[in-house]
Structures are given as C-alpha cells and as structure tokens.
Amino acid sequence: MKKQTVAIILVVALLLAGGCFGIYSYIQNQKNEEIKNTPIFSCKASEIVEYGVKSSQEEYLLIKEDSEWYVKDNSVAVLNSEKVQETVNSASMIMTLGLLRDKDLKEFSVTDVKELSLVLADGKSCNIKFVGEKAEICAAKVNDSDEIYAIRTSVRDILIAPLSKFRASVIFDGLMGEDTPLEYYSFKDFGKTETVIRTKISSEISNNRKNRYIMEKPYRKDVDDEAFEQLILVKIPRLAAEKYEDETSEDKEIYGLDEKSRAQLHFKWGEFDETLYLGKTEGGLVYVERLGKDGIFMINSSQLEFLYTEPFYLLESGVLRSDFENISGLTVKTKDKEYKIESRNRKENNKEFFVNGKTASEAAFSAVAEIVGGIKINSEIAQSVKDNGNVVITVYFDNGMGSQKISLSDINDKEYAAFTDGEAEFAVDKKSVEELLLELDKISKNPIKTDEKG
C-alpha cells in the first residue's frame, strides 16, 4: 500500500511539474506575442545627439552639433552628415522579435560583444549590448536588464556600422559640379618627371582656336582637348578615399610621403587650388596627404592610374604650333631643291600669292598650306637621331607667332624625325611629307592651277 502511495505521489508530482512547465511556456509564448514587432527603444531621430559604437574592431562616438555630426576627439575624420543621419534614423526605433530564454541562448554563439550607446537632447540615454547571434537573429540586452531580446542581425549590422561608412569619401566635395574650365594641372611622378597643362591665354587661343589647353611640360604643344578631358579631367572630381589613418606618425617617410619620395598632383579649378601628395602602395591602396588638411588617408591605386597617362597621348596630332589658316608663307628645302611660297595682303581684297617669285593662285597657296597643316605626329622618338636636314620646312604665320622651323631626318621607310627648336621629340609620317613635296613640284611648274583640271 505504501508503495502504491509513493507511486501515486510521484505521478502527481510529475504531472504538476509538467503542468507548471506547460503553463510557463504558455505564459512565455503569450508574452512574446505581446511584444513581438514592438520597439525596445523609440524616440524622435532629431532628439539623438550622441551615437556611440564599441566592438572588438573599433570604438567611436559621434556628436551632433547643430545639424552636423563629428567624431569626438578626432579632428582628422570628416563625416558625411547625411550618411550619419540615415543610420541615426534607423536607431530611433529598434524593433524586437520577442524574448529569448536561457534554453534558447545555448544555441547562440558569442564571438564579439557589440555595444550601441545613444544619448538624447534631454540627457536620457540608452545602451544596447548585442551578446550573441544565431543565423539571422542576434541577442540583445537593453540598459543591462535581465531580459534578453531577439533582434534581426541585419538591424544590428546597420546600427553597429564601421566609422568608414560615415566618412566623406569624395575628396574634393563640390568639384563634380564645377562648371568653370580648369586653369592649371600638373602631375609629378615618383621619378620627378612632370606633366604640366594649362588653359591658354587669349593670344594663344588666336593661334589655334581648336584647343583650349596647352602643354608646358614635357612638350610645349597644344593639347587635344577631348583626350585631356576624357582621360584626365573627368576623373579628378571622382577621387574618393577608401580608408583613413586616424593615428599617424610624424615621420612621413613611413608612408612614402616625405618630399624626396612622394609624387604630387596639383590643380587649379574654379575655387579649388589643391595639392595631393601620393606615397607608398599597400594592399592596393595608396597613402595620400592633402596639402592644408590634417591626416593621411588611402585611395585605391586603380583610381590613380589616369595620372600616369603618357603625355604624348594628350597632344594635338598636328606638327604645327598654329592653325594652318594662319600660314602666310613657307619655304621648303630638300638636298637638291628649294620652294618658296609667299602671300601678301592675304586677308585683304588685294591679296596676292607667289610660288618661287611667280604669281600664283590662292588655290595653289591653300593646297600647300593645308598639306603642311595636315602633317601628323605618329609617335615619340625612342632613339637618338642626328639632324640630317633631309627636308627643312620653315613656316611663317601672320597671327603674331612669327615662324616655326621643322627639320626632318630619315628614321626608316615610313617616318621622319621632326626636329623643332633643335630637338627631335616626335616622328612624323613620311607619306604626308612626300605628298607635300609632290604638290610643291606641281605648283612650281603650274602656279596658277593646282591640277590639270583647274
């Protein structure tokens, strides 16, 4: 009888325990249903004046002053306040999926406790610690309460954003909308070779109206505007920082930013007068320092490749310093022949033209001038060439340019080396020079007509 009594008592106890567990589970589920999709924190976004993040990777505190955000105790970091405000807006209402039990937490992994701290304008604060995660759910405690809430991991990742997300990434903010022409551009590479391009002054524009820009170094020549704008100019406003160095050494040599080691970009464009120093490359990123600004940041090396465009590919293709429309005369000498083309009052009603002293037609003069203007540069000279003067062309201009002497020397069957100012920088197409000589021979025999049909 006693054994039966004990058995009955045990059964009743088990039933009571199971019933209690069932009641507890019911209450827990009921409570979860009540708080599911309700906020564990809520306020007006405009009330948040401090936004702090702490994790094993980084720690920062953002402070709001008027409508701008900045990083406390960090004068280097420049923030994009719009990006900060987007995240602050997300923090103004943080929703929960329900409560987590001790039993549930056993399945959560704790790899890195992440902490979000919010301070409101009235001094109230909220601290949320993310203490574990399981797939798409993470566990969070609010103000060190005993209860642990389930929150979507994606929400946590938005709130615990890296500081780099808020950085003002575009270096020259506002340059993208600059509608005035660039005034000056220079790039000095690590070997101290320099490319300098500037906007022409009015007298230079009158020499050649096709081009806005002129190169000063390494060649003194007109620039192909379209090539310069597409290969260089459109890319400067898009330069963006990938990473910032918040703690930097005073020893610039560490970053390759000392005067001896660094490369340099300098430009004047509207209200911008900027200089960037470029240093070492690490992991595909280049150390950069902006003159007049504190701190060092890094730019993806691929963004800077345009700076190394060969200057030759930015040049106007013609060999002349001026438009062929400005040619007033020329002489052409070969080893055994000489041609002299002249004009008088070319822009007046009583204009006259001569070939080797004989009266010539304007058509004859124009045909020669156009061929000379069409002599194109093929390439840079990559070898030492002696000035043999196989063909010497002296062109006279009536726009204040004076004259230009071009001495051509054989390189191969297809090209001449063009010596200007005693230096051979470019190779020109031999076929176009032969075309000029053929036309000169033709009009010297028939100066009034340029061909048999005329």
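The values are calculated or read from the model by the stated rules, or taken from the named source; none is laboratory data. Computed from a prediction, not measured in an experiment: that's the story for all the values here. Note that each Cβ is placed from the backbone with ideal geometry, even for glycine, and that neighbours are counted across all protein chains shown. Surface areas here come from the heavy atoms of the whole protein model, side chains and all, with no ligands, DNA or RNA. Shrake-Rupley method; radii C 1.70, N 1.55, O 1.52, S 1.80 Å.
Across all directions, the average flat footprint of the convex hull enclosing the Cα atoms of region 120-210 is 14.3 nm².
Approximating the spin labels as points 7 Å out from Cα along Cα→Cβ, the Gln383-to-Asn89 distance works out to 6.6 nm.
Taking the solvent-accessible surface of protein heavy atoms with a 1.4 Å probe, what is the per residue accessible area of the chain in Å²? Numbers along the way, then the final one.
Working: 25360 Å² over 454 residues.
That works out to 56 Å² for each residue.
Here Phe190 and Ala227 are evaluated by their C-beta separation; at R0 = 22 Å the FRET efficiency comes out at 0.40.
Hey, which of these cross-link pairs are over 32 Å Cα-Cα: Lys54/Lys134; Lys358/Lys431; Lys337/Lys376; Lys192/Lys431; Lys188/Lys243?
On the way: Lys54/Lys134 20 Å; Lys358/Lys431 27 Å; Lys337/Lys376 23 Å; Lys192/Lys431 37 Å; Lys188/Lys243 24 Å.
Table pairs above 32 Å Cα-Cα are Lys192/Lys431.
Measure nothing but the geometry: give the 0 to 90° angle between the long axis through the Cα atoms of 430-445 and the longest principal axis through the Cα atoms of the chain, rounded to 10°. In the chain, helix 430-445 runs at an angle near 30 degrees to the longest axis. Remark: relative contact order (region 235-325) = 26 percent; criterion is Cα-Cα distance under 8 angstrom and separation of 6 or more residues. I need the Debye-formula profile for region 211-274: one equal scatterer per C-alpha, no solvent, reported as log10 I(q)/I(0) at q = 0.20 1/Å, two decimals. Calculated log10 I(q)/I(0) at the listed q: -1.04. Where does helix 2-35 land angle-wise versus the long Cα axis of the chain, in degrees 0 to 90, nearest 10? Helix 2-35 sits roughly 40 degrees off the main axis of the chain.
Computed over protein heavy atoms with a 1.4 Å probe, the carbon and sulfur contribution to the accessible area of the chain reaches 48%.
Rank-order 228-235, 331-338 by packing density, defined as the average count of other C-beta atoms within 10 Å over each peptide's residues, highest first. Don't skip to the end; give the middle numbers.
Values: 228-235: 16.8, 331-338: 13.2.
Packing order, densest peptide first, comes out as 228-235, 331-338.
Ordered by solvent-accessible area of protein heavy atoms (1.4 Å probe), largest first, the residues Cys43, Cys138 come out as Cys43, Cys138. Helix 81-91 and the longest principal axis of the C-alpha atoms of the chain enclose an angle of approximately 20°.
Give the lysines reachable from Lys44 as a straight Cα distance under 17 Å; neighbours fewer than 8 places away on the same chain don't count. Of all the lysines, those that pass the test against Lys44 - Cα under 17 Å, at least 8 places apart if same chain - are Lys64, Lys124.
Distance from the Cα centroid of region 80-141 to that of region 386-454 is 78 Å (rounded to whole angstrom). Largest accessible area first, the listed residues Ser317, Ser302 line up as Ser302, Ser317 when surface is computed with a 1.4 Å probe on the assembled protein chains. Computed from backbone phi, the HN-Hα couplings of region 39-51 come to x, 8, 8, 8, 6, 6, 4, 5, 7, 6, 10, 9, 9 Hz, rounded to whole numbers (Karplus: 6.51 cos²θ - 1.76 cosθ + 1.60, θ = phi - 60°; Gly and Pro given as x).
Considering only DSSP states other than H, G, I, E and B, which chymotrypsin sites (Phe, Trp or Tyr not before Pro) in region 47-147 qualify as loop sites with at most 15 other Cβ atoms within 10 Å?
Within region 47-147, no chymotrypsin sites (Phe, Trp or Tyr not before Pro) qualify (loop, at most 15 other Cβ atoms within 10 Å).
The orientation-averaged projected area of the convex hull spanned by the Cα atoms of the chain comes to 39.0 nm².
Can you list which of the trypsin sites (Lys or Arg not before Pro) found in region 36-67 are DSSP loop residues with at most 16 other C-beta atoms within 10 Å? It would help to have the intermediate numbers written out before the result.
Details: sites: Lys36, Lys44, Lys54, Lys64; in loops: Lys36, Lys44.
Hits after loop and neighbour filter: Lys36, Lys44.
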